[in-house]
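For reference, the structure is listed below as structure tokens.
The values are calculated or read from the model by the stated rules, or taken from the named source; none is laboratory data. Just so we're clear, the structure is a prediction, and the values are computed from it rather than from any experiment. Every residue, glycine among them, receives a Cβ derived from its backbone with ideal geometry; neighbour counts consider all protein chains shown. Calculation scope for accessible area: heavy atoms of the full protein, side chains included, ligands and nucleic acids excluded. Shrake-Rupley method; radii C 1.70, N 1.55, O 1.52, S 1.80 Å.
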Amino acid sequence: AGDPLRVGLIAYWPFDGNLNDTVGDSHGEAMGSDDIAFSQGQWGSGIELDGVDQFVETPVENEEMFDFQDGTGFSISAWFTVDSFSKNWQALIAKGVGNRWRVHRRGGENILTGNGGNADVPGGTGDINDGELHHIVLVSDPDNGEVRLYSDGELVSTGAAPAIQSNDNPMM
């Protein structure tokens, strides 16, 4: 009956040697001055970004599928490592600013937090500036009126207002 983990999945980037979306056609494009390197990940390899100007962008023609409008809930999950932060505000994954969604470093804090609509959840991960692998999940749940952030398998923060505004930005 299929893989239950793939039900409702609209995109998946293993970053295992390439930037391809293995579920759909939202293949990533490497952006930045230098080529993006691949290094050991949780399973297989992962991307290693330089913290200067490198990022991965999905096709702008697919941006609408990541807007999550009209009360559509969503979840974002990622394995990541922080070797060092280089800017006060850095996104792990994002689709715009303001009342859009993203997982990001907030200010100069050594944590990641999430925005599933109107505002960041009040808290975030513990100090993740440690070179270790971490797992993060952001859940925007309009049916229950909340946004939840999980870090390394634990619920770390819950916020309100999962109302997301549309935008024409590609997902990065």
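Pick from 33, 157, 75 the residue whose mean-square fluctuation is largest in a GNM of the chain, springs joining Cα atoms under 10 Å. Maximum fluctuation in the GNM of the chain, among the listed residues, is at 33.
Across 31, 171, the residue with the most accessible area heads the list, and the full order at a 1.4 Å probe is 31, 171. Computed from the C-beta positions of residue 69 and residue 22 and an R0 of 22 Å, the FRET efficiency is 0.30 to the nearest 0.05. Full extension of the chain between residue 31 and residue 50 gives 5.7 nm of extra length, using 0.36 nm per residue less the Cα-Cα distance. Calculated on the alpha-carbon coordinates, the convex hull of the range 55-139 measures out at 101 cubic angstrom per residue. Quarter the surface of the alpha carbon convex hull of the chain and you get the mean projected area, 10.0 square nanometres. Charged side chains reduced to their Cβ positions (Lys and Arg at +1, Asp and Glu at -1) give the chain a dipole of some 460 debye around its Cα centre. Here the gap between residue 119 and residue 97, fully extended at 0.36 nm per residue and compared with their Cα-Cα distance, gives a gain of 6.9 nm.
Given a 1.4 Å probe and the protein chains as shown, residue 87 ends up with an accessible area of around 90 Å². Shape descriptor for the range 121-172: Rg over Rh equals 1.04 (Cα atoms; Rh from the Kirkwood inverse mean 1/r). Ranking 134, 123, 108 by Cα position along the charge dipole of the range 95-145, where only Lys, Arg, Asp and Glu carry charges on their C-beta atoms, puts 108 farthest toward the positive end.
Solvent exposure of the range 7-152 amounts to 52 Å² per residue of accessible area, where only protein heavy atoms count and the probe is 1.4 Å. Computed with every protein chain present, the accessible area of residue 19 is close to 20 Å² [probe 1.4 Å]. Extension gain, residue 127-residue 165: 0.36 nm per intervening residue step, less the Cα-Cα distance, totals 10.7 nm.
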